[in-house]
Structures are given as C-alpha cells and as structure tokens.
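Asker: Structure incoming, see below.
The values are calculated or read from the model by the stated rules, or taken from the named source; none is laboratory data. Quick caveat, the model's predicted, so the values are computed rather than measured. Cβ atoms come from the backbone with ideal geometry, glycine included; neighbour counts cover every protein chain shown.
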Amino acid sequence: MSGRGIVVGLVVLTAVNMVALAIADWLWDSVTIDGFWPLFIGGLVLGIANAIVKPILTILTLPLVIVTFGLFYLVINIAMVALAEWIAPDFSIDGFWTYVGVVIVVWLVNLVAGWITNRAAAV
C-alpha cells in the first residue's frame, strides 16, 4: 500500500470511528464527548489503537482468548476504547456496561462501513 493509500485509509477509519463515538455519545448519558476535537482525537486514537495495539495484545493474550471462547477479546476492545478516552480531552465514559455498549456500537458501525466500502469497491 502506498503512503497516500495509508493516509486515505486512516482518514476513513478516523471518520468511521468518529461516527461510532458520536452515536455512542447520543445513545448514553454516561458517554460525554464535548466538541469536535475530542471526538476527532478519540476517533483517531481508536483507529490507530485498533490497527496497531489491538493485534499485538490479541497475539500476546491468545491463550486467554481461546480459553474464554473469545470473551477476553471484549476486554481487549474495552481497553482500546479506554485508551481513546484516556488520551482525548473532554471525553469520558462512566460504567462497565457503557463501555460494553460503546464497543458494540463501534463494532457495528465499523461492520456497516466495511460492508459499504466493500460493496462500493466491487462496483
């Protein structure tokens, strides 16, 4: 992949994650994202963390993921959202179940965006 393709992919990934975080902010009162820049930074961090940190953590914890039949993968996803929350200013999530909900929303939005981009690429 060329440098330009990586940049375009990162921009798209950031935008998709921004949409997912905005939906989570809209759905739950316990998710607070105050403004564009916290949303942008959160989406960017989440995209980079999912592309770089998550695969490394998954490989390192693979036995635990297997033993728990994949449930530990949810913990890894929660950690990625928590990392984005920790780095982005004016972005907070309160409560374990809210984290689970945010992870599900991020997963669903990324699934739909992937489906749309794959369909558009096939045309």
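Asker: Do we have Leu27 as surrounded by fewer than 16 Cβ atoms within 10 Å (Cβ to Cβ), at pLDDT 95 or above and under 16 Å from Val103 (Cβ atoms) here?
Answerer: yes
Asker: Given the conditions (1) closer than 20 Å to Gly101 by Cα; (2) in contact (Cβ under 8 Å) with a residue 24 or more places away in the chain; (3) of a type in the set (A, V, I, L, M, F, W, C), report the number of the one that Ala79 does not fulfil.
Answerer: Every listed condition holds for Ala79 apart from (2).
Asker: Of all residues in segment 86-102 being part of a helix (DSSP H, G or I) and crowded, with 21+ Cβ neighbours inside 10 Å, which is nearest to the chain's Cα centre (by Cα)?
Answerer: Looking only at segment 86-102, we keep the residues that are part of a helix (DSSP H, G or I), and these are 86-87, 96-102.
Filter again for crowded, with 21+ Cβ neighbours inside 10 Å, leaving 99, 102.
Details: Tyr99: 11, Val102: 9 Å.
Checked segment 86-102; the qualifying residue nearest to the chain's Cα centre (by Cα) is Val102.
Asker: Just checking, how many residues over segment 32-48 are in a helix (DSSP H, G or I) and modelled with pLDDT of 95 or more?
Answerer: Of all residues in segment 32-48, those in a helix (DSSP H, G or I) come to 36-48.
Still in the running and modelled with pLDDT of 95 or more: 36-46.
Residues meeting the conditions: 11.
Asker: All but one of (1) outside any helix (DSSP H, G or I); (2) touching a helix residue (DSSP H, G or I) at 6+ places or on another chain (Cβ under 8 Å) hold for Asp29; which doesn't?
Answerer: Unmet for Asp29, out of (1) outside any helix (DSSP H, G or I); (2) touching a helix residue (DSSP H, G or I) at 6+ places or on another chain (Cβ under 8 Å): (2).
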